[in-house]
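A quick write-up on the structure given underneath.
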Amino acid sequence: MPWNPDTYHQFEKERSAPFDDLMQLIERRDGLTVIDLGCGTGELTRRLADALPHSDVLGIDSSPHMLAKTAAQVRAGLRFERAQLEEVTGQWDVVFSNAAIQWVEDHPALIPRLLSLVRPGGQLVVQLPSNHKAPAHMTILATASEAPFQAALNGWTRQSPVLTVGEYAELLYQHGGRNLTVFEKVYPHVLENAEAVRDWTRGTALVPYLERLPADLHEAFLARYTERLRTKWPTSPAFFGFNRILFAANLDSASA
């Protein structure tokens with residue numbers, strides 16, 4: 001997908017709050033090998049590396065536009081590579097992912113694959129949005145189902161692969177995860193208005209729709225989407241509660 005780093009970082013402060021919570025789940029010690037799956041532009045990966053002294057940290061991302069911004073973050077013990085999250089190999093003390101695995105399909109297969117990247121006694125630490133049933137996201141689906149957008153998309157809409165917290169906990173345990181921490185949290189963002197909600201989703205959930213729509217329908221789609229959003233948020237400010245799932249698991253040595 002053609003990620004735009006500037007659009008994504010428009011709400012950088014709000015997007016960094018779940019990262020701060022996720023960092024608290026890491027069992028920290030010196031000299032860890034760490035991989036950050038879906039590192040984006042690298043600023044948060046740099047914070048991850050700085051919090052783990054003498055560790056070797058690799059950030060990977062599939063977007064060349066995002067990775068182009070990582071050069072400023074490179075230092076000894078921190079590097080970046082282009083790769084698909086679901087194709088990564090090797091084993092690591094910490095497998096870390098902040099707001100990335102929601103773009104990968106088939107989570108019942110993905111979770112054991114991520115655990116397979118963890119060294120025995122190591123840790124998987126993940127945060128992902130679980131906001132796919134919220135008004136802003138349901139409004140995207142409704143807009144995509146209208147003419148002329150439905151025909152232009154050939155009826156396509158993105159169905160979220162995100163599971164429930166209970167399902168993640170069970171998958172982690174079934175595949176050797178122990179010392180589980182699994183929870184869902186609402187992050188209460190207060191945005192200016194419906195247009196700000198549109199701008200938030202334009203940096204994430206709208207990306208695959210705009211990628212598939214012809215360019216001459218982009219403005220019409222955004223205008224109709226915004227019109228629908230105003231029925232939910234007709235005045236300012238707009239309370240935009242954002243659900244996210246966070247989980248951490250140690251790999252059981254006996255299951256590795």
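Bear in mind that the values in this text are calculations on the coordinates, not laboratory data. From a predicted model like this one, the values you see are computed outputs, not experimental measurements. Note that each Cβ is placed from the backbone with ideal geometry, even for glycine, and that neighbours are counted across all protein chains shown.
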Report the one residue of VAL74, LEU115, LEU48 whose Cα lies farthest in the direction of the positive end of the charge dipole of the chain (charges on C-beta: Lys and Arg +1, Asp and Glu -1; origin at the Cα centre).
LEU48
Pick out which of GLU146, GLU227, GLU195 has the largest mean-square fluctuation in a Gaussian network model of the chain, springs linking Cα atoms closer than 10 Å.
GLU146
Please express the shape of the range 82-230 as an equivalent ellipsoid: the semi-axes are the square roots of 5 times the eigenvalues of the C-alpha gyration tensor, given largest first in whole angstrom.
34, 17, 13
When the chain is treated as a GNM, springs tying every alpha-carbon pair under 10 Å, which of PRO188, PRO120, PRO64 comes out with the largest mean-square fluctuation?
PRO188
Treating only the Cβ of Lys, Arg, Asp and Glu as charged (+1, +1, -1, -1), what charge dipole size does the chain show about its Cα centre? Round to the nearest 20 debye.
220
Most mobile of ARG29, ARG79, ARG202 per a Gaussian network model of the chain (Cα springs, under 10 Å)?
ARG29
Taking neighbour counts of Cβ atoms within 10 Å as a proxy for exposure, in what order, fewest first, do MET138, MET66 appear?
MET138, MET66
Fewest-first sequence of LYS185, LYS69 by Cβ atoms within 10 Å of each Cβ
LYS185, LYS69
If you average the alpha carbon positions of the range 89-157 and of the range 200-217, how far apart do those two centres end up, in angstrom?
17
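Could you give the size of the charge dipole of the range 16-127 about its Cα centre, using +1 on the Cβ of each K and R and -1 on the Cβ of each D and E, expressed in debye and rounded to the nearest 20?
Here the range 16-127 has a charge dipole of around 280 debye.
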On a 0 to 90° scale, report how tilted helix 218-232 is relative to the longest principal axis of the chain, with both axes built from alpha carbons and the result rounded to the nearest 10.
90
Cross-link reach list, aspartates and glutamates versus LYS232, counting only Cα pairs under 17 Å and skipping chain neighbours closer than eight places:
GLU192, GLU195, ASP199
Please state, as a whole number in µm²/s, the translational diffusion coefficient that the Stokes-Einstein equation yields for the chain at 4 °C and 1.567 mPa s, with Rh defined as the Kirkwood radius across alpha carbon pairs.
68
Crossing angle, helix 135-144 versus the chain [Cα axis fit, 0-90 degrees, rounded to tens]:
60
